[in-house]
Each structure stands twice: as C-alpha cells, then as structure tokens.
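Only one structure is covered here, and it is reproduced in the block below.
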Amino acid sequence: DEPKLLTKTSANRRGGGVLAENDTVHYCWLDRRHEKWRFNIEDPDVGNFEVAYCRRKDSDSAWRKDVILSKGLLFSYWPSMSVEGDRIVVVWQSEESNQPGHSSDIYYATSKDGGKTWAKPLKVTNQAKDGFTSERPQVALQNGIIHLFYTQGKWDRNSQVWNQGGWPVYYQQRPFPE
C-alpha cells in the first residue's frame with residue numbers, strides 16, 4: 001500500500017497523537033495552515049499553531065475532513081487526546097493574547113459522536129491573566145470522567161528559564177458532558 005497524504009500543514013512538534021478505539025483511528029496534531037508569527041525576543045520561534053483533529057473508520061476509503069478545534073485561540077500547543085467509545089476529549093494549552101510572554105491556560109473540546117461534531121472549547125484554568133502559565137496537559141477519559149493533568153507556574157524572567165526548577169502538576173476531574 002502506498003503512503004497517503006494526511007496533512008501538508010503539520011507543525012510537527014509540541015504534542016499531538018493517535019489513538020484507536022473499536023474500528024476508528026483518531027489523530028490530533030498542531031497545524032500551521034493559518035500560521036501567524038509574532039516578534040518575541042524571549043522565544044523567537046513562536047507561531048500561531050492550531051489544534052486539528054481527523055478520524056478514519058476501517059471501512060472508510062479515506063480520512064474524514066479535519067477540524068480545527070482551537071479556532072479563535074492564539075498560539076496553541078501540546079494537544080493530548082483520549083477516547084472512550086464514541087466520546088472523545090482533546091486538551092491543549094493556548095494563549096488568548098498576542099502579547100509576547102509565556103502565560104497560557106488549558107482548554108479542552110469534546111465530541112460525543114465519535115468526532116463527527118465538537119462542542120465549543122472550554123477553559124480549564126483561568127490564571128494566564130495573572131501571569132501564570134498552565135502547560136503540557138494530558139488527559140484520560142475513563143467511565144465517563146475526564147481526568148486532566150497539567151503543570152502550572154510563573155516564569156522567572158530574571159533567571160535562565162530552563163534552570164528555575166520544576167513546577168507542580170495539577171489534577172482536575174469532571175464528568176464528560178452529555
């Protein structure tokens with residue numbers, strides 16, 4: 001079988017994944033088709049990535065049309081996905097502002113029909129406005145409960161960013177919306 005093109009606009013870094021459930025393969029990734037760059041001396045390699053999703057059933061001849069889940073949010077990173085039957089949850093970190101900096105919040109979107117339709121993204125954290133960064137989210141969906149994990153802290157702009165120590169990991173759970 002010849003390889004088939006899935007997307008030409010993958011950002012190819014900072015998260016994403018593939019999962020199979022029953023007869024369906026689900027794929028989420030960072031997409032750069034609407035990429036906008038901003039000037040940022042602290043992090044010059046920052047583009048406006050979006051979180052994309054698509055699926056394929058074993059019986060399908062091709063992948064379904066992809067969907068941008070983070071539409072309207074700026075600078076999304078680190079998508080993670082979990083699937084339970086027809087229920088899907090995709091979580092990511094995103095910035096709402098075009099201002100340089102590292103402050104971001106965690107968002108997620110859900111589908112209860114196997115990825116055919118998606119609910120509007122919901123914000124999990126709300127501390128970017130106070131200078132906190134919530135990042136690198138992970139998600140597990142089990143028995144109709146969404147389990148969310150993420151790190152959160154404040155960047156010390158006066159020290160080398162990567163040498164300031166670790167941040168705590170936070171956990172939240174909530175029922176999958178019906």
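Accessible area of residue 23, 1.4 Å probe, to the nearest 10 Å²?
Probe radius 1.4 Å; accessible area of residue 23 about 60 Å².
Keeping every protein chain in place, order 107, 171 by accessible area at 1.4 Å, biggest value first, i.e. largest first. Working shown, then result.
Values: 107 10, 171 105 Å².
Solvent-accessible surface, decreasing: 171, 107.
Enter the accessible area of residue 125 (Å², nearest 10), with the probe set to 1.4 Å and all protein chains included.
Its accessible surface works out to 10 Å², give or take rounding.
Among 65/123; 65/116; 8/120; 4/57; 8/65, which pairs are too far apart, with a Cα-Cα distance over 20 Å? Mind dumping the intermediate values first?
Numbers: 65/123 25 Å; 65/116 10 Å; 8/120 25 Å; 4/57 15 Å; 8/65 13 Å.
Those over the limit are 65/123; 8/120.
For a quick check of understanding: with a 1.4 angstrom probe and all protein chains in place, what accessible area in square angstrom does residue 118 have, to the nearest ten?
For residue 118, the solvent-accessible surface is approximately 50 Å².
Which aspartates and glutamates have a Cα less than 13 Å from the Cα of residue 154, not counting those fewer than 8 places away in the same chain?
Straight-distance partners of residue 154: 105, 130, 135.
The values are calculated or read from the model by the stated rules, or taken from the named source; none is laboratory data. Bear in mind the structure is a predicted one, so any value in this text is a computation, not a measurement. Surface accessibility is based on the protein's heavy atoms, side chains included, excluding ligands, DNA and RNA. Shrake-Rupley method; radii C 1.70, N 1.55, O 1.52, S 1.80 Å.
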